[in-house]
Amino acid sequence: MFNSVALNPVRQIDLLGKPLSKGPIAVILAIIIIGSIAGYLFYTDYVQGTMTLTITDPAQAQPGNSQQYDPSITHINVAFSQFQVHVAGQGDSSGWQTVKISPQTIDMMSVLSLAQVLGKVPLPAGKYDVLRFNVTAVKVNFSGGTSASYTVPSGSLKVPVTDGGFQITATSSVTVQLTLSFSSNEILVMNGHLTPVATAKVMA
């Protein structure tokens, strides 16, 4: 009769030919898994996309007039600061991401037909649905050499981005165009207050 022979399982060995115990194998697997997770987090959080924010005052005639602003209005200088974008799905108090766009003053009469770039900034991957920024001053100049200063309600504007917002992915680039328009009649009343109409949309 043949003697039964126990079959030995295949043993895993290291580079020196020594058997590997289960302990080192588990450690190696853990290192690989942790490394993969860390790499993914680095890619999504630190390899950022880019948002270019532009501004325009779209040409549109006021009721009863053939042009957007009264001929006596020569400049509408608007001072902007503290730009932020809101992370979609988060609360109003916690979902704001500051974007590094320098404070600046734009003459809205110069962007009636051509948008101007406010800033080009990196953003972490995610979806964003609202722009928020401060309007710190509005100064209007008139053809007679006079000028008037105005404020906007609360000094801050929150502008939803159309179609639910925009998506930023790692290494992607998105252009968001902010439009801001004033009422010619409201300017001419000169009561010190303006209520602009603002919209924002992703440009193709």
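Report, by residue number, each residue of region 86-97 that is outside any loop (DSSP other than H, G, I, E, B) and at pLDDT 95 or above. Break it down stepwise before answering.
First pass over region 86-97, keeping only residues outside any loop (DSSP other than H, G, I, E, B): 86-87, 96-97.
The answer is 86, 87, 96.
Can residue 113 be described as under 15 Å from the mean Cα position of the chain (by Cα) and open to solvent by 60 Å² or more (accessible area, probe 1.4 Å)? Can you show your working first?
Values: under 15 Å from the mean Cα position of the chain (by Cα): no; open to solvent by 60 Å² or more (accessible area, probe 1.4 Å): yes.
No; evaluated as a whole, the condition is false for this residue.
What are the residues in region 100-116 that are without any contact (Cβ under 8 Å) to a residue 24 or more places away in the chain and either touching a Ser or Thr at 6+ places or on another chain (Cβ under 7 Å) or assigned to a loop (DSSP other than H, G, I, E, B) (or both), if any? Walk me through how you get there before you give the answer.
If we filter region 100-116 for residues that are without any contact (Cβ under 8 Å) to a residue 24 or more places away in the chain, which is where we start, we get 100, 102, 110.
Those that are without any contact (Cβ under 8 Å) to a residue 24 or more places away in the chain and either touching a Ser or Thr at 6+ places or on another chain (Cβ under 7 Å) or assigned to a loop (DSSP other than H, G, I, E, B) (or both): 100, 102.
Output the strands (runs of 3 or more DSSP E) that fall wholly within region 117-192 and possess 2 or more residues being open to solvent by 30 Å² or more (accessible area, probe 1.4 Å) and either at pLDDT below 95 or at negative phi (or both), or say none. Walk me through how you get there before you give the answer.
Numbers: elements: 126-142, 147-150, 156-160, 166-168, 173-181.
Of the strands (runs of 3 or more DSSP E) lying wholly inside region 117-192, those with at least 2 residues that are open to solvent by 30 Å² or more (accessible area, probe 1.4 Å) and either at pLDDT below 95 or at negative phi (or both) span 126-142, 147-150, 156-160, 173-181.
Which one of these does residue 68 not meet: (1) open to solvent by less than 40 Å² (accessible area, probe 1.4 Å); (2) modelled with pLDDT under 95; (3) in a strand (DSSP E or B)?
Here residue 68 meets the rest and fails (3).
The values are calculated or read from the model by the stated rules, or taken from the named source; none is laboratory data. The model shown is predicted, which means the values in this text are computed figures rather than measured ones. Using ideal geometry, Cβ is built from the backbone for each residue, glycine included, and neighbour counts are taken over all protein chains shown. Note: areas computed on protein heavy atoms with side chains; ligands, DNA, RNA excluded. Shrake-Rupley method; radii C 1.70, N 1.55, O 1.52, S 1.80 Å.
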